[in-house]
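Take a look at the structure set out below.
Read-outs throughout are calculated quantities, based only on the coordinates presented, and are distinct from any laboratory measurement. Note that the coordinates shown come from a computational prediction; the quantities given were computed from them, not determined experimentally. As a convention, Cβ positions derive from the backbone with ideal geometry for all residues, glycine included, and neighbour counts pool all protein chains shown.
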Amino acid sequence: MGIYNQGALCILDYSLRKVTAVALEDVSLEIITQTNLDKLIDTNPGLGAKLLKGMLLSIYFFLKISIPLIFDADKSKLQKREMYL
């Protein structure tokens, strides 16, 4: 089971997100709504925990890559501003 990280947050904050993914081989696709996720967690907590863990890891890896880029961009903006002061 894999989680496409572009959709990981929308199930938690009820936002809509349009994404495109390309499979390199035959796959099965399951769309999980917030309601279905809640039912899954209630009826099969073990599977629900694995799914939530996968979502959390997906978000973690996205942030791990993004945060340094954001801070580097902010540092360069700050350095440029300091040059003009």
Completion exercise
Residues in the stretch 10-45 that are surrounded by 10 or more Cβ atoms within 10 Å (Cβ to Cβ), assigned to a helix (DSSP H, G or I) and of a type outside the set (A, V, I, L, M) total 6
Exercise for the section: Determine the pairs where a residue that is farther than 13 Å from I11 by Cβ, located within the stretch 36-48, has a partner that is surrounded by 12 or more Cβ atoms within 10 Å (Cβ to Cβ) with Cβ atoms under 7 Å apart, the partner being 6 or more residues away or on another chain. Expected result: L47/L40
